[in-house]
Amino acid sequence: MPRTKKINRSRSVLTDPEGAESLDRSCHSKTRDSPRNPKKLQAEPKSKKPRVAVLTAHQHPNRELYFPDPFNNTKKKSRRTHSTSGFTSYNSAIPLVLLQTQQLMASLQEPWLLENGNLKGASKEIRHGRTAHNMSSSSLRKKSDLTLVSKVRCGMLRHLLTNLQEVILGTKLTVLFPAIPLAIAAECYGFGRPWVFGLSLLGLTPLAERVSFLTEQIAYYTGPTVGGLLNATCGNATELIIAIFALWQHKIEVVKYSLLGSILSNLLLVLGTSLFCGGIANLGKEQKYDRRQADVNALLLLLALLCHMLPLLFRISAASVSLTEVPTLQLSRVSSIIMLLAYITYIIFQLVTHRQLFEAQEESEEHGDDLSEETPVIGFWSGIVWLVGMTAVIALLSEFVVGTIEDASESWGLSVSFISIILLPIVGNAAEHAGAVIFAFKNKLDISLGVALGSATQISMFVVPLCVIVAWILGIEMDLNFNLLETGALALSIITTAFTLQDGTSHYLKGLTLLLCYVVIGACFFLSKTPSSHGNAIDLGVKSAAGVIGA
Amino acid sequence: MDHYSSHGDQVSPDLENGDIVNCKVGFNINNNEGCVKGKTPQNLSSSILRKKSDPMLEYSSTVRFQMLWHFLTNLQEVILGTKLAVLFPAIPLAIAADYYKFGRPWIFALSLLGLTPLAERVSFLTEQIAYFTGPTVGGLLNATCGNATEMIIALFALYQNKIHVLKYSLLGSILSNLLLVLGTSLLCGGLANLKREQRYDRKQADVNSLLLLLGLLCHMLPLMFRYATGEGTATASSTLQLSRVSSIVMLIAYVAYIFFQLKTHRQIFDAPEEEDDDEEEKAVIGFWSAFTWLAGMTVIIALLSEYVVGTIEAASDSWGISVSFISIILLPIVGNAAEHAGSIIFAFKNKLDISLGVSLGSASQISMFVIPLCVIVAWTMNIRMDLDFSLLETGSLAFTIIITAFTLQDGTSHYMKGLLLFLCYIVIAACFFVHKIPQSKSNLGRQTIHRAIFSIAALHAGLDPRKECSADQFMFICEAFK
């Protein structure tokens, strides 16, 4: 528990200077009169062999963290020599937040330093369960200028307008909002259906970002756990709604393709561009991240891969299709339940027991100019109302998108699989994508990774099994058997990503390779214009296997 | 009979310098030469299931009862030395059930139960013998007999020409070691040590992962070979040749691994020992006594294995569970029960190195030693056994090895890793549970995909799919289909 306190304290430093002051004081007081181990702490700077970690010396030449080893004098085994346990700050409190990884290593062993309660108060209102996932889109937000609104006389009206401005104009993607009424108008006046499709897609882009914004706003009021849950659930609300509408219209193929595409796009495109841009922008600097977070996500993705792979192998190795229909379905449903179970545990792991792995790393900026106040800009009920409204609009647009996808495919000469796997996710993930790239530019790879991997994990471990369960309830026979080509692409993406993130560093070539993988997969689906059958498109797998063997 | 070590007042010759016993540098250094005993984590794990047997017999100084006393002590050490001793009555029951012609499922279940304590006892006896033979022979013995139960079951299945049972049970043993044993160990260890850091030495895990990957390659190539060249007798014979060559290569790799483990890089595999763990480690029974017991136990294991292999189909029919599920999931759970429990207990104590050594060591032993040995034995018996497990099984194996290797990449652990491995096992188990397709007896699943593809292709080409046709015709049909 103290770990989370510490991490959240880092936020308090960012948000209000008073918090930093109190932190500063608390640190000094701790150094002076810690009840537990005063002698050691006082002797710290002159300790026999204090491991001095000079952190980001090019940025903060005068700030150092000291990591004395309290086991120095004890008889305990010092085999794990890297476990540093206590720390104190020299000049100011701000270095405490500099390198979270070292901090984490420290806090894993000895959390006692953080138990002094005076840090609690400063950090309480900050704990709103904000994960890296929605940190990303915040980079797209701009401070709305309230000067215009403040001239309005009536207080009620002014509130309403402020609210409206915060919600509608709070993002740079707001220029795409006009696409929403246009799409509705196009539908009403019977325009060409490809137009409806295109406009709906454009309209979904800002909505996806706004839903994540609203979720975050609500999280300010509900506290960290509920907020984290909300984020975990609504993070990919757009994808979920599109998938459920496609399910409703019995377009299982579109469901599978769009979800698969979303995973691929997150893993290869978003991550690839982030690493590439980050690598180019920080060519001289070292680009580090915490690989433990990436590991957990990679393992979850591998479990998901297993759940997709087994029905496929099952189907391929079986004697006839009719014999395996029922077992495959049963297997898919059991696997879905297990995946949801794993996802729930992952949420607990992320929000409760191992919170420190997932906290987005927030460095104190040198210029100090983006110490933006983290306070809710709209009220709770207003947030709820907006969220419901936005969800309704998303549902409407999703219905348009799903209903017109075949027409668009025919009119544009692109296959449905290409549109669902490549185009839909690019649009749906645009906000996150931009955010991840921006954070990578700032050499905050932890956040970029959190966005890309977190989103992919969420879709594969939550949205996909949820769709199977919903289909079960609706009496639709949806299984987890994507086809051979799709499952192969998924397997390759997951394994490549996991390999890429094995060491805790990055360079632009890694990003470029991931990006090129995405291009190759995109080209593959662009060229595969196999007429796909409805339902669980099983024949495709067998046919492509036949093609392989025939060749 | 050599009973000097069963006396409390006598010490075995290599323990004579008592001060060496107190020197607890490592758990396996306990004689005056600092000579290591060849004790690997694998049989350290089952030692946790052992209990100190109470000296329930009064010491009798009369010479007349000396013999009897020795005998009873010996019996007590061997039979009652484990907590699994409660399962021993299953052995006579199984034999009785077979003798009095009980239902065959009963024989199967009782034999399975009876095998559980025997597996643990064999590892105990091997360890006892290792005290007398010195480190190298002992290490070799451990490496060979560590999975004696699995090996005996496999050989009996081979003898009865049930190659699918053999393949399934060995595959299941690897899966169970990698996912179930390791998963529950990491899960329990992670939950028990939530606030502590759980570290292990990843070098040992890496070596095992590499061996498993080599094993995977040897299983994958025959499969792909078959898929690439199509069906036919020529393919079958080349697959067989490839399998035999691969098996020899795997055995060479295993010998090198033993050498690596026992000689050159011993320090990687030595489990670290805590200082407070100062149990006296000495042999409790004599060499020849242990040897006799080992031979006897092996005979009983062979008997029970024969029952198990002979009644597996009957049990499958009677319980409505497929043979593949019984062989892949149930058999290994029973066979690994002792190691499993030990591994979890060590994980609870945050000694992940031992847990990893148990599960990974056992998996690589089966994959690199037992399986190729079976192929070689089948070769000498003129049975055509190849390394081609079918698609679903090889896919599961590949996935298992890859996810385990990924899990153990960084040297730390938490409960999420264990849970995910465990869930993977459940998904695979569910897959084999619903997998009730009748398999061909040997070299299973060989023709399935070809049959399916051929039916489709032939239907498209306007031919009768039920008619047999040669590979050339098949290619022609495929071309026409394209």
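Brief remarks on what is shown
- Shielding score for B:416-423, defined as the mean number of other chain Cβ atoms within 10 Å: 6
- Between B:Thr144 and B:Leu75, the contour length at 0.36 nm per residue exceeds the alpha carbon distance by 22.4 nm.
- FRET efficiency for the A:Val520 to A:Asp407 pair, using the beta carbon distance and R₀ = 30 Å, is estimated at 0.60.
- With each label modelled as a point 7 angstrom along the Cα→C-beta vector, the B:Phe287-B:Phe225 pair spans 4.4 nm.
- Neighbourhood charge, 11 Å Cβ-Cβ cut-off, centred on B:Ile328 and excluding it, Lys, Arg +1 and Asp, Glu -1: 0
- Protein heavy-atom accessible surface, 1.4 Å probe, per residue over segment A:171-550: 34 Å².
- Farthest toward the positive end of the dipole of segment A:171-550, out of A:Gly272, A:Ser411, A:Gly223, is the Cα of A:Ser411, where the dipole comes from beta carbon charges about the Cα centre.
- Distance in nm between pseudo-label sites at B:Met67 and A:Phe191 (7 Å out along the Cβ direction from Cα): 10.6 nm
- Electrostatic dipole magnitude of segment A:171-550 [Cβ: Lys, Arg +1; Asp, Glu -1; Cα centre; debye, to 20]: 740 debye
- Share of carbon and sulfur in the accessible heavy-atom surface of segment A:171-550 [1.4 Å probe, %]: 70 percent
- Label-point gap, in nm, between B:Val137 and B:Tyr100 - each point 7 angstrom along Cα→Cβ: 4.5 nm
- Protein heavy-atom accessible area occluded, B/A pair - total, 1.4 Å probe, Å²: 4700 Å²
- Mean partner shielding of peptide A:495-508, defined as the number of other chain Cβ atoms within 10 Å of each residue Cβ, is 1.
- Global geometry of segment A:480-530, whether rounded, prolate or oblate, following the gyration tensor of its Cα atoms and the 1.5 cut on a/c: oblate
- Peptide packing for B:228-241, B:202-215 was compared via the average number of neighbouring C-beta atoms within 10 Å per residue; ordered from the highest value, the list is B:202-215, B:228-241.
- Note on A:Val385 and A:Leu512: the extension gain reaches 41.5 nm, defined as 0.36 nm multiplied by sequence separation minus the Cα-Cα distance.
- The residues of segment B:141-186 have, on average, 19 Å² of accessible surface per residue, using a 1.4 Å probe with all protein chains present.
- Partner chain coverage, peptide A:339-348 - average Cβ within 10 angstrom: 2
- Take the Cβ atoms of B:Leu213 and A:Lys172, set R0 to 60 Å, and the FRET efficiency comes out at 0.80.
- Rounded, prolate or oblate (a/c below 1.5 giving rounded, otherwise prolate when a/b exceeds b/c) for segment B:128-212 by Cα gyration tensor: oblate
- Counting only protein heavy atoms and a 1.4 Å probe, segment B:284-363 has 30 square angstrom of accessible area per residue.
- Computed FRET value (nearest 0.05) for B:Ser318 with B:Gln160, which takes r as the C-beta separation and R₀ as 30 Å: 0.95
- Full extension of the chain between B:Leu194 and B:Val299 yields a length gain of 33.3 nm, computed as 0.36 nm times the residue separation minus the alpha carbon distance.
The values are calculated or read from the model by the stated rules, or taken from the named source; none is laboratory data. Just so you know, these numbers come straight off a predicted model, no measurement behind them. Note that we place each Cβ from the backbone using ideal geometry, even for glycine, and neighbour counts take in every protein chain shown. Just so you know, the surface numbers come from the protein's heavy atoms only, side chains and all, with ligands and any DNA or RNA stripped out. Shrake-Rupley method; radii C 1.70, N 1.55, O 1.52, S 1.80 Å.
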